[in-house]
1. How large is Rg/Rh for segment 126-225, to two decimals, with Cα atoms and a Kirkwood Rh?
2. What residues have an amide H closer than 5 Å to that of Trp29, excluding those fewer than 5 places away on the same chain, when H is modeled at 1.01 Å from N in the peptide plane?
3. What FRET efficiency do you get for Ala128 and Lys8 if R0 is 41 Å and r is their Cβ-Cβ distance, rounded to the nearest 0.05?
4. If each residue of separation counts as 0.36 nm, what is the full-extension length gain between Arg199 and Arg113 once their alpha-carbon separation is subtracted?
5. Stretched out fully, how many nm does the piece from Arg171 to His144 gain, at 0.36 nm a residue minus the Cα gap?
6. Under 5 Å between amide hydrogens, which residues at least 5 positions from Val168 or on another chain qualify, with H placed 1.01 Å from N in the peptide plane?
7. Could you derive backbone 3J(HN,Hα) for segment 128-140 from the dihedral phi with the Karplus parameters 6.51, -1.76 and 1.60 (θ = phi - 60°), listing whole Hz in sequence and x where the residue is Gly or Pro?
8. Only counting other Cβ atoms within 10 Å, I'd like Ile26, Ile77 sorted with the fewest neighbours first.
Amino acid sequence: MQLLLMGKDELIAGPAVDTLRRAGHIVDWMSVVGEPMSWPDCSLYDLVMLDPDLSGIDVIDALKRYRESGSHAFVIIVTAQRELETCIAALDAGADDYLVKPFDVDELAARVRALTRRRVVRTVPVLAYDGLMLDAASHRVTLHGEPLTLAPRGFALLQALIEDPARVFTRSELEARICDPREEIASNAIEVQVCGLRRKIGAGRIVTVRGAGYCLRTPDSKVRFAG
């Protein structure tokens, strides 16, 4: 895989580059980070790791514009902030994962492996429900004709829900859809993704069924439990 590290912190970039290269990846490091239009052609890379704390730009806005440009490389944000809202903002903007500094380079390598294993062949090309249109082949989503920008985890979550909108999906079922089974995930990973997706498509479109899970439905829909 070809990876790009963007950030000025040599204490992070140096060990990360060495570890990822030893894992067999081709890794470039860009230490001077400017506006997105000055970034290298990220279509050449499978994954981009970005340290926003030292970049001197509005990374949330930059990520939104990067995703709106049609770029689909995985993005890992490195942050010194542990607040849930910060992590949600990064995921909403197009990040696929985040690491809180300081972190172990072996954890970074594991996150990279987990993201790369998530590339799957989508067999259902277009799904539509309640104003939402999801094109699995082109990784595009629209709401009443207006395009939405979703990171891969948010996209996978919406695809699972929209494939069977009246069904209540348990947390473990959704984890299986958006995460690699060998990956260690945070206990609130699904809640974070649901919260971010609600912001995109409207809170009322994702219903929490207490003690059961989540489903995607309109107010007059009937809920169907699995089994």
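A short reminder: the numbers here are calculations on the coordinates, not readings from a lab. Keep in mind that what you see is a predicted model, and the values were worked out from it rather than measured. When we count neighbours, we look across all protein chains shown, and the Cβ atoms used for this are built from the backbone with ideal geometry, even at glycine.
1. Answer for segment 126-225: 0.94.
2. Correct list: Leu5.
3. It comes to 0.35.
4. 28.1 nm
5. Working: separation 27, 0.36 × 27 = 9.72 nm, distance 2.79 nm.
Separation in residues times 0.36 nm, less the Cα-Cα distance, equals 6.9 nm.
6. Arg224, Phe225, Ala226
7. Result, rounded to whole Hz: 9, 6, 6, x, 8, 10, 10, 9, 5, 5, 9, 6, 10.
8. The most exposed by this proxy come first: Ile26, Ile77.
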